[in-house]
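Student: Below you'll find the structure I mean.
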Amino acid sequence: MNTNGVTLHFSTGSSWSAAGALYVSPSLLKLYVQTEDGSRSGSTVVPRPIAFVSTESATGERNLAPFSFFNVVSNSPPILSISVLWDGANAKDTLHNIIGTKEFMMNLISEPFVEAANATAVGAPPDFDEWKIAGLTPEPSVSTCARHTRYEYDILMCCNCICDVWVSVKPARVKESAASFECELLSSQDIFPDDSQTPSATLVLGRIKHAYVRKAVLHDDEPVVDATNFQAVARMGGRIYARVGNLYELVMPDWREAV
Ligand SMILES: Cc1cc2nc3c(=O)[nH]c(=O)nc-3n(C[C@H](O)[C@H](O)[C@H](O)COP(=O)(O)O)c2cc1C
């Protein structure tokens, strides 16, 4: 198939259909949605991007943890989501901090520091500062508008701010990240299992106030990220991760041209 000069090779999936579909019983659904501890990737909703969420408690304790139940919800206004699972009856520190302070910093994880990010997933007590084991650099999140470029990073997106108004959130950003987003809590929604009054997860929506994008990941200095330079990592479920590579183009069809 040739679309706008790009040759595409794809499978119609016909080799799969011969085997039929496996009925997944409700008791096994969790496994297929997301394997948590298994060494193999059993998940179906993959690949998932990974957010590295930096927060502070109301009393100033820093926290850093990876979250792969993470995605974009809207681009206008720009909104990101994470889902924080509960540890039994206990909310994770990240959730406590977000609800308590209403602000957080979402950093993107790239391959060069994926192991450092993984190290921060330890179930540490609330007063433990995961930055210490990550060995990564906390950079104060001081933002200004697109006209100011005092920092190593250029601020490419400057949402909802008036030129000379400085906006920042307290949690530090990860200096090594290719991109970081200052977020304000927009809303949170507890999710309850059928048989319990204790939430099993909380969906958090964060409105991006400012973004930092590392110049080195841009495509020829245009305000477009080059996916190869970005070296994003994806979580496939359990302990399995994937690198981003082997990219190809696919043009979205126009209805008028398709008929
Ligand atoms: C790559 C990766 C992705 C993760 N994604 C999530 C997630 O989406 N939701 C979640 O609740 N926990 C997730 N975890 C587990 C948390 O990072 C872990 O529970 C961490 O200790 C939470 O830290 P906190 O208690 O300081 O907030 C993930 C762990 C890893 C290594």
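Any read-out appearing in this document is the output of simple, stated calculations on the displayed coordinates, not a laboratory observation. All values reported here derive from a predicted model rather than from experimental measurement. Using ideal geometry, Cβ is built from the backbone for each residue, glycine included, and neighbour counts are taken over all protein chains shown.
Student: If you plug each phi of region 244-259 into the Karplus form 6.51 cos²θ - 1.76 cosθ + 1.60 with θ = phi - 60°, what whole-Hz ³J(HN,Hα) values come out, in order, with x for Gly and Pro?
Tutor: 8, x, 6, 6, 8, 9, 9, 8, 6, x, 9, 4, 5, 7, 6, 9
Student: Sticking with this one: Considering only the other residues whose Cβ falls under 14 Å of the Cβ of Asp93, what net charge follows from Lys and Arg at +1 and Asp and Glu at -1?
Tutor: -4
Student: Given a cut-off of 31 Å, name the pairs among Lys92/Lys215; Lys30/Lys209; Lys102/Lys215; Lys30/Lys132; Lys30/Lys170; Lys30/Lys215 whose C-alpha atoms lie farther apart than that in the structure shown.
Tutor: Result: Lys92/Lys215; Lys30/Lys209; Lys30/Lys132; Lys30/Lys170; Lys30/Lys215 exceed 31 Å.
Student: Taking neighbour counts of Cβ atoms within 10 Å as a proxy for exposure, in what order, fewest first, do Met252, Met236 appear?
Tutor: The order, fewest Cβ neighbours first, is Met252, Met236.
Student: Which distance in nm do the two modelled labels at Asn75 and Val46 give, with both placed 7 Å along the Cα-to-Cβ direction?
Tutor: The two pseudo-label positions are separated by 2.8 nm.
Student: Turning to a different aspect of this structure: Using Cβ contacts closer than 10 Å as the measure, can you line up Leu64, Leu95, Leu22 from fewest to most?
Tutor: So the residues, fewest neighbours to most, are Leu22, Leu95, Leu64.
Student: Sum up the charges of everything whose Cβ sits under 13 Å from the Cβ of Asp127, counting Lys and Arg as +1 and Asp and Glu as -1, but leave Asp127 out.
Tutor: Once positives and negatives cancel, what remains is -3.
Student: When Tyr248, Tyr241, Tyr212, Tyr32 are ordered from fewest to most other Cβ atoms inside 10 Å of their Cβ, what list results?
Tutor: Tyr248, Tyr32, Tyr241, Tyr212
Student: Identify all aspartates and glutamates with a Cα-Cα distance to Lys175 below 14 Å; exclude those on the same chain that are fewer than 8 residues away in sequence.
Tutor: Straight-line reach from Lys175, under 14 Å: Glu139, Glu152, Asp154.
Student: Moving on. Give me the net charge for the shell around Pro47: Cβ to Cβ below 11 angstrom, other residues only, Lys and Arg +1, Asp and Glu -1.
Tutor: +3
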